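Reading through the C-alpha coordinates given below for one structure.
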Amino acid sequence: MYVRSGGPAGPVLLVLHGLGATGAVWDGVVTRWPGRWIAPDLPGHGRSEPLPRYSFGALAAAVAPLVPSRTPVAVLGHSLGGVVALTLASGWFGVRVSRACGLGIKVRWTDEELARAAEQATRPAKVFASREEAAARWLKLSGLHGLVAADSPIVDSGLTEGWRPALDQAAFGVGAPDLPGLLAAARAPVVLAAGEHDPMCPAAHLPEDAVILPGLGHNAHVEDPAALDPLLTRLRDA
(Lines give C-alpha, C1' and ligand atoms only; values in the text may rest on other atoms or scores of the structure.)
Protein backbone atom coordinates (compact mmCIF):
# COMPACT_ATOMS: atom_id res chain seq x y z
CA MET A 1 0.00 0.00 0.00
CA TYR A 2 1.04 3.55 -0.69
CA VAL A 3 1.12 5.56 2.54
CA ARG A 4 2.04 9.10 3.50
CA SER A 5 2.58 10.22 7.07
CA GLY A 6 3.77 13.29 8.90
CA GLY A 7 3.20 15.63 11.81
CA PRO A 8 4.98 16.04 15.14
CA ALA A 9 5.12 13.54 17.98
CA GLY A 10 1.74 13.22 19.63
CA PRO A 11 -1.60 11.48 19.20
CA VAL A 12 -1.91 9.39 16.02
CA LEU A 13 -4.64 9.98 13.44
CA LEU A 14 -5.41 7.53 10.64
CA VAL A 15 -7.43 9.07 7.79
CA LEU A 16 -9.24 6.90 5.24
CA HIS A 17 -10.64 8.31 2.00
CA GLY A 18 -13.83 7.39 0.16
CA LEU A 19 -14.43 5.24 -2.91
CA GLY A 20 -12.51 6.50 -5.93
CA ALA A 21 -10.43 9.06 -4.05
CA THR A 22 -6.91 8.88 -2.56
CA GLY A 23 -5.24 9.86 0.69
CA ALA A 24 -4.40 13.24 -0.85
CA VAL A 25 -7.95 14.49 -0.22
CA TRP A 26 -7.05 14.82 3.47
CA ASP A 27 -4.19 17.30 2.90
CA GLY A 28 -6.23 20.23 4.25
CA VAL A 29 -7.29 18.27 7.35
CA VAL A 30 -4.12 16.55 8.56
CA THR A 31 -2.27 19.85 8.94
CA ARG A 32 -4.86 20.74 11.60
CA TRP A 33 -4.08 17.64 13.67
CA PRO A 34 -1.73 18.20 16.65
CA GLY A 35 0.22 14.94 16.31
CA ARG A 36 1.19 12.23 13.85
CA TRP A 37 -1.04 11.37 10.92
CA ILE A 38 -1.18 8.44 8.50
CA ALA A 39 -2.90 8.80 5.12
CA PRO A 40 -2.91 5.69 2.91
CA ASP A 41 -4.36 5.12 -0.52
CA LEU A 42 -6.80 2.28 0.13
CA PRO A 43 -6.19 -0.94 -1.84
CA GLY A 44 -7.17 -0.55 -5.47
CA HIS A 45 -6.95 3.24 -5.27
CA GLY A 46 -4.24 5.67 -6.28
CA ARG A 47 -0.82 4.08 -5.94
CA SER A 48 -1.90 1.05 -3.89
CA GLU A 49 -2.20 -2.47 -5.30
CA PRO A 50 -5.69 -3.97 -5.75
CA LEU A 51 -7.23 -6.73 -3.65
CA PRO A 52 -8.39 -10.08 -5.05
CA ARG A 53 -11.82 -9.33 -3.56
CA TYR A 54 -13.24 -6.27 -1.87
CA SER A 55 -15.07 -6.29 1.45
CA PHE A 56 -14.99 -3.96 4.42
CA GLY A 57 -13.15 -6.61 6.40
CA ALA A 58 -10.56 -7.11 3.67
CA LEU A 59 -9.92 -3.37 3.50
CA ALA A 60 -9.61 -3.14 7.29
CA ALA A 61 -7.18 -6.06 7.32
CA ALA A 62 -5.04 -4.33 4.69
CA VAL A 63 -4.99 -1.05 6.64
CA ALA A 64 -4.36 -2.51 10.10
CA PRO A 65 -0.58 -3.14 9.69
CA LEU A 66 -0.03 0.55 8.93
CA VAL A 67 -0.66 1.47 12.57
CA PRO A 68 2.24 1.00 15.02
CA SER A 69 1.61 -1.99 17.27
CA ARG A 70 -0.14 -1.20 20.57
CA THR A 71 -0.31 2.51 19.72
CA PRO A 72 -3.70 4.14 20.39
CA VAL A 73 -5.00 5.66 17.18
CA ALA A 74 -7.94 7.86 16.27
CA VAL A 75 -9.51 6.93 12.94
CA LEU A 76 -11.34 9.36 10.66
CA GLY A 77 -12.89 7.94 7.52
CA HIS A 78 -15.05 9.33 4.74
CA SER A 79 -17.81 7.31 3.06
CA LEU A 80 -16.21 3.94 2.23
CA GLY A 81 -13.29 4.89 4.49
CA GLY A 82 -15.77 5.67 7.26
CA VAL A 83 -17.09 2.11 7.12
CA VAL A 84 -13.51 0.82 7.29
CA ALA A 85 -12.91 3.10 10.30
CA LEU A 86 -15.88 1.59 12.13
CA THR A 87 -14.73 -1.90 11.12
CA LEU A 88 -11.33 -1.24 12.71
CA ALA A 89 -13.09 0.02 15.86
CA SER A 90 -14.37 -3.52 16.42
CA GLY A 91 -10.90 -4.52 17.59
CA TRP A 92 -11.00 -7.59 15.36
CA PHE A 93 -7.99 -6.44 13.36
CA GLY A 94 -5.59 -5.73 16.20
CA VAL A 95 -5.72 -1.94 15.98
CA ARG A 96 -6.07 -0.10 19.29
CA VAL A 97 -8.68 2.45 18.22
CA SER A 98 -9.28 5.22 20.75
CA ARG A 99 -12.21 6.72 18.83
CA ALA A 100 -13.57 6.40 15.29
CA CYS A 101 -15.43 8.92 13.16
CA GLY A 102 -17.41 8.03 10.05
CA LEU A 103 -18.11 11.03 7.81
CA GLY A 104 -20.70 10.81 5.05
CA ILE A 105 -21.37 7.07 5.26
CA LYS A 106 -24.21 6.04 2.94
CA VAL A 107 -26.31 3.80 5.17
CA ARG A 108 -29.42 3.22 3.07
CA TRP A 109 -29.10 1.39 -0.23
CA THR A 110 -31.82 0.36 -2.64
CA ASP A 111 -31.66 -2.88 -4.60
CA GLU A 112 -31.30 -0.79 -7.75
CA GLU A 113 -28.30 1.09 -6.34
CA LEU A 114 -26.58 -2.13 -5.28
CA ALA A 115 -27.23 -3.72 -8.68
CA ARG A 116 -25.81 -0.66 -10.43
CA ALA A 117 -22.69 -0.74 -8.26
CA ALA A 118 -22.23 -4.47 -8.88
CA GLU A 119 -22.49 -3.88 -12.62
CA GLN A 120 -19.97 -1.04 -12.42
CA ALA A 121 -17.57 -3.42 -10.66
CA THR A 122 -17.48 -5.66 -13.75
CA ARG A 123 -16.65 -2.92 -16.25
CA PRO A 124 -13.07 -2.62 -17.49
CA ALA A 125 -11.31 0.63 -16.67
CA LYS A 126 -11.51 3.22 -19.44
CA VAL A 127 -8.32 4.46 -21.06
CA PHE A 128 -8.37 8.04 -22.34
CA ALA A 129 -6.47 9.91 -25.01
CA SER A 130 -5.35 12.73 -22.74
CA ARG A 131 -4.79 13.65 -19.13
CA GLU A 132 -7.63 16.15 -19.38
CA GLU A 133 -10.16 13.44 -20.24
CA ALA A 134 -8.80 11.04 -17.61
CA ALA A 135 -8.89 13.79 -14.99
CA ALA A 136 -12.52 14.59 -15.78
CA ARG A 137 -13.43 10.92 -15.39
CA TRP A 138 -11.55 10.57 -12.08
CA LEU A 139 -13.17 13.70 -10.66
CA LYS A 140 -16.57 12.20 -11.48
CA LEU A 141 -15.71 8.77 -10.02
CA SER A 142 -14.42 10.30 -6.78
CA GLY A 143 -17.28 12.78 -6.45
CA LEU A 144 -14.85 15.69 -6.51
CA HIS A 145 -16.00 17.39 -9.71
CA GLY A 146 -16.37 21.09 -9.01
CA LEU A 147 -14.41 20.83 -5.76
CA VAL A 148 -10.91 20.08 -7.04
CA ALA A 149 -9.27 21.72 -10.06
CA ALA A 150 -8.40 19.37 -12.91
CA ASP A 151 -4.73 20.40 -12.72
CA SER A 152 -4.48 19.76 -8.97
CA PRO A 153 -1.87 17.33 -7.58
CA ILE A 154 -4.82 15.61 -5.91
CA VAL A 155 -6.02 14.57 -9.36
CA ASP A 156 -2.54 13.35 -10.29
CA SER A 157 -2.65 11.03 -7.27
CA GLY A 158 -5.69 9.29 -8.77
CA LEU A 159 -4.37 8.77 -12.29
CA THR A 160 -2.06 6.15 -13.69
CA GLU A 161 0.06 5.79 -16.82
CA GLY A 162 -1.88 5.47 -20.05
CA TRP A 163 -4.26 8.25 -18.94
CA ARG A 164 -6.82 6.37 -16.91
CA PRO A 165 -8.11 6.55 -13.33
CA ALA A 166 -6.09 4.29 -11.03
CA LEU A 167 -9.26 3.04 -9.29
CA ASP A 168 -9.80 -0.72 -9.52
CA GLN A 169 -13.38 -0.96 -10.82
CA ALA A 170 -13.94 -4.10 -8.74
CA ALA A 171 -14.00 -1.92 -5.62
CA PHE A 172 -17.52 -0.84 -6.58
CA GLY A 173 -18.66 -4.32 -5.58
CA VAL A 174 -17.89 -3.87 -1.87
CA GLY A 175 -21.61 -3.78 -1.04
CA ALA A 176 -23.67 -2.00 1.62
CA PRO A 177 -22.48 -1.66 5.22
CA ASP A 178 -24.29 -3.09 8.21
CA LEU A 179 -24.18 0.10 10.25
CA PRO A 180 -26.18 -1.20 13.24
CA GLY A 181 -23.91 -4.25 13.38
CA LEU A 182 -20.77 -2.14 13.21
CA LEU A 183 -21.99 0.19 15.95
CA ALA A 184 -22.88 -2.76 18.15
CA ALA A 185 -19.46 -4.35 17.60
CA ALA A 186 -17.44 -1.18 18.22
CA ARG A 187 -15.12 -1.36 21.22
CA ALA A 188 -14.31 2.34 21.01
CA PRO A 189 -16.54 5.44 20.99
CA VAL A 190 -17.91 6.19 17.51
CA VAL A 191 -18.91 9.56 16.07
CA LEU A 192 -21.02 9.77 12.90
CA ALA A 193 -21.07 12.96 10.89
CA ALA A 194 -22.25 14.36 7.56
CA GLY A 195 -22.51 17.59 5.66
CA GLU A 196 -25.87 19.32 6.01
CA HIS A 197 -26.49 18.98 2.25
CA ASP A 198 -24.98 15.53 1.71
CA PRO A 199 -27.36 13.76 -0.71
CA MET A 200 -25.78 10.37 -0.02
CA CYS A 201 -25.99 10.64 3.75
CA PRO A 202 -28.92 12.83 4.82
CA ALA A 203 -29.09 13.73 8.49
CA ALA A 204 -32.41 11.87 8.71
CA HIS A 205 -30.58 8.61 7.98
CA LEU A 206 -28.20 9.04 10.93
CA PRO A 207 -28.67 8.72 14.70
CA GLU A 208 -29.85 11.81 16.57
CA ASP A 209 -26.41 12.37 18.11
CA ALA A 210 -24.66 12.60 14.72
CA VAL A 211 -22.65 15.75 14.00
CA ILE A 212 -24.09 17.74 11.09
CA LEU A 213 -21.70 20.17 9.39
CA PRO A 214 -23.64 23.28 8.27
CA GLY A 215 -23.63 24.24 4.60
CA LEU A 216 -21.49 21.34 3.41
CA GLY A 217 -22.06 18.35 1.14
CA HIS A 218 -20.73 14.83 0.78
CA ASN A 219 -17.04 15.79 0.62
CA ALA A 220 -17.04 18.16 3.59
CA HIS A 221 -13.36 17.46 4.31
CA VAL A 222 -12.43 18.84 0.89
CA GLU A 223 -15.00 21.63 0.78
CA ASP A 224 -13.93 23.16 4.11
CA PRO A 225 -11.22 21.33 6.09
CA ALA A 226 -11.57 23.76 9.01
CA ALA A 227 -15.19 22.67 9.47
CA LEU A 228 -13.91 19.31 10.68
CA ASP A 229 -12.16 20.88 13.67
CA PRO A 230 -14.97 19.81 16.08
CA LEU A 231 -14.54 16.22 14.88
CA LEU A 232 -10.76 16.42 15.27
CA THR A 233 -11.24 17.74 18.81
CA ARG A 234 -13.38 14.76 19.74
CA LEU A 235 -10.88 12.37 18.22
CA ARG A 236 -7.96 14.08 19.95
CA ASP A 237 -9.64 14.16 23.36
CA ALA A 238 -10.32 10.44 23.17
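The values are calculated or read from the model by the stated rules, or taken from the named source; none is laboratory data. Being a predicted model, the structure only gives us computed values, none of them experimental. So basically every Cβ, Gly included, is an ideal-geometry build from the backbone, and we count neighbours across all protein chains shown. Heads up: the accessible areas ignore ligands, DNA and RNA and are worked out on the full protein's heavy atoms, side chains in. Shrake-Rupley method; radii C 1.70, N 1.55, O 1.52, S 1.80 Å.
So the values come out like this:
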{"item": "Length released on extending from Ala118 to Ala9, taking residue separation times 0.36 nm less the Cα-Cα span", "result": "35.0 nm"}
{"item": "Rounded percent of accessible protein surface that carbon and sulfur make up, the chain, 1.4 Å probe", "result": "53 percent"}
{"item": "Cα-only radius of gyration and Dmax that characterise the chain, units Å", "result": "16.6, 49"}
{"item": "Acute angle (nearest 10 degrees) that the helix 131-141 long axis makes with the longest principal axis of the chain, alpha-carbon atoms", "result": "50 degrees"}
{"item": "Cα pair count fraction exceeding 26 Å, expressed as % - the range 97-238", "result": "36 percent"}
{"item": "Part-to-part distance (alpha-carbon centres) for the range 72-109 and the range 38-52, which is given in Å", "result": "16 Å"}
{"item": "Shape box of the range 1-128 [Cα atoms, principal axes, largest first, Å]", "result": "45, 34, 25"}
{"item": "Paramagnetic reach from Asp178 (point 7 Å along Cα→Cβ, amide N under 18 Å) across the range 43-66", "result": "54-61"}
{"item": "Environment charge of Ser48, counting only residues whose C-beta is closer than 12 Å and scoring Lys/Arg +1, Asp/Glu -1", "result": "-1"}
{"item": "Sequence ranges 77-84, 190-197, 125-132, ranked by mean other-Cβ count within 10 angstrom, highest first", "result": "77-84, 190-197, 125-132"}
{"item": "With 10 Å bins from 0: P(r) over the range 165-208, alpha-carbon pairs, percent", "result": "20, 38, 35, 7"}
{"item": "Accessible area of the chain divided out per residue, in Å², using a probe of 1.4 angstrom", "result": "45 Å²"}
